[in-house]
Every structure is written in C-alpha cells, then in structure tokens.
Amino acid sequence: MDVITAMLTRRSEHHLVDPAPSDEEFAYLLKVAATAPDHGLLRPWRWVLIRGDDRSELGACFAEEAPAERRSQAAAKVQRAPLLASLVFTPAQGHKVPEWEQLAATSAMTNSLMLLLHTRGFGSIWRTGAAVRSAHVRQLLGLKGEENLLGWLYIGTPRANPARRRRSLCDVSSRLSQLSLHR
C-alpha cells in the first residue's frame, strides 16, 4: 500500500480483535516510525505494552477513578483491543529543543506508527481520558515525575466493515496563505 492510500484509508478503529502485532513486529514498526521528524533525535517517548490478563490490572485502575455506577464499564474498556500500547512522553529537561517541539515529534512518530500498523492490516485508535492523569495508572506503568501519559493506542485487527469509505480530501484553501515580500 502506498502512503497516499494508507492516509486516505486509515481510520480510528473502535472494534479490534486478535491478532495484534507481536512484540517483535511492534518493535520493528516502532523503529520505522521513529524516523519521523525529531529535532535533536531526542526520542522523547517510550511505550509500555499491555496484553492479555495484564489489561485487567489497568482496567481496575480505570474503575477506581470512575463514578460508582460506571466502574464496570470503565474496567471493561481495556478489553476493546488485544494490545494496549501506553504512550509515555519523556521530554528532555533543559534541552535546547523546547518541550512543545518534543511533543510534536512524539505526535509525528505516533501518527507514523498508526499508518504503519494500517499498512500491515492492523487497526488502532488513540484513546485518552481522565485516566492519563491517574496516580494509580502512573504507578502501574512506572511513570517518573517528569513523564506524562499521552494515552493508549488500542491495537488489533479490525472487524470487517464492507461499508468503509476513503477519506475525502477537504478544502484547505482557507488554511493556506502565501507571503509576498516583493510587492
């Protein structure tokens, strides 16, 4: 699949089943995704992969943070995909590359990873929510004080959906201007 086709056909997938990429395949795709623009080559991110029964521990943290009437729903969220890849932002403190640019590099890498997963037949969705700020989730994932949880890529194989459409190209003319210095 060429890059334009990948960009026009990738969607956030809400219903994911086995299989998900193996740890080895995920690591390979991550190496490729890490070629995204990253001023200073800081790689200000890391991933914590959660599979199988380990998802239940994360689900328990989700439930702990939820209102009583929604706890079972919160705990079940982790079962929406066979692999939850936790994205941890690890900015280089005091570096000449500002933190906002490090965050932009992390986002570019993540988008590249989602496109690569799509080209391999996997689906993904980037999920966030209140749990990214949970002290219990931070502890479970081993986050340090300066690190931030940016959410999870839920990853697996999308259920067949014959009604899928390509993205239509939008009019970006209102978002594009040209500066003419020679008047």
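The values are calculated or read from the model by the stated rules, or taken from the named source; none is laboratory data. This one's a predicted model, so the numbers in the text were calculated from it and none came from an experiment. Positions of Cβ are backbone-derived with ideal geometry, glycine not excepted, and every protein chain shown enters the neighbour counts. These accessible areas exclude ligands, DNA and RNA; they are computed on the full protein's heavy atoms, side chains included. Shrake-Rupley method; radii C 1.70, N 1.55, O 1.52, S 1.80 Å.
Observations, loosely collected:
- Counting only Cα atoms, the range 33-183 measures 65, 49, 30 Å along its principal axes, largest extent leading.
- Distant-in-sequence amide H partners of GLY151 (H built 1.01 Å from N, under 5 Å): LEU87
- Peptides 139-145, 81-87 ranked from most to least packed give 81-87, 139-145, packing being the mean of other C-beta atoms within 10 angstrom over each peptide's residues.
- Here the Karplus curve 6.51 cos²θ - 1.76 cosθ + 1.60, taken at θ = phi - 60°, turns the phi angles of the range 142-149 into couplings of x, 6, 8, x, 8, 8, 10, 8 Hz, with x standing for Gly and Pro.
- A protection proxy built from the mean count of other Cβ atoms within 10 Å ranks the segments 48-54, 10-16, most packed first, as 10-16, 48-54.
- All aspartates and glutamates inside 18 Å of LYS77 as judged from Cα atoms, apart from same-chain residues fewer than 8 positions distant: GLU13, ASP18, ASP53, ASP54, GLU57, GLU64, GLU65, GLU69
- Normalised by the number of residues in the chain, the mean separation of alpha-carbon contacts (under 8 Å, six or more apart) gives a relative contact order of 34 percent.
- For LEU83, nonlocal amide neighbours, meaning residues 5 or more places apart or on other chains whose placed amide H falls under 5 Å from its own, are ILE155.
- Estimated vicinal HN-Hα couplings, Hz - the range 7-12 in sequence order (Karplus 6.51, -1.76, 1.60; Gly, Pro = x): 5, 7, 10, 6, 9, 5
- The phi torsions of the range 55-66, fed into the Karplus equation with coefficients 6.51, -1.76 and 1.60 and a -60° offset, translate into couplings of 4, 5, 5, 5, x, 5, 5, 4, 5, 4, 8, 8 Hz, rounded to whole numbers, with Gly and Pro shown as x.
- At 1.567 mPa s and 4 °C, Stokes D of the range 25-113 from Kirkwood alpha-carbon radius, µm² per second: 88
- For SER134, the amide hydrogen comes within under 5 Å of no other amide hydrogen, counting only partners 5 or more places away or on other chains and with H modelled in the peptide plane.
- Under the combined filter of DSSP loop state and at most 13 neighbouring Cβ atoms within 10 Å, the range 86-183 retains these GluC sites (Glu not before Pro): GLU146.
- Debye log10 I(q)/I(0) at q = 0.18, 0.28 Å⁻¹ for the range 9-72, Cα point scatterers: -0.97, -1.21
- Calculated accessible area for the chain comes out at 61 Å² per residue, all protein chains present (probe 1.4 Å; ligands, DNA, RNA ignored).
- With all protein chains in place and a 1.4 Å probe, the accessible surface of the range 50-183 carries 51 percent carbon and sulfur.
- Quarter the surface of the alpha carbon convex hull of the range 98-183 and you get the mean projected area, 10.3 square nanometres.
- Cβ-based net charge around HIS39, under 14 Å, with every Lys or Arg adding one and every Asp or Glu removing one: -1
- Calculated diffusion of the range 1-40, Stokes-Einstein form, Kirkwood radius summed over Cα pairs, 10 °C and 1.306 mPa s, µm²/s: 126
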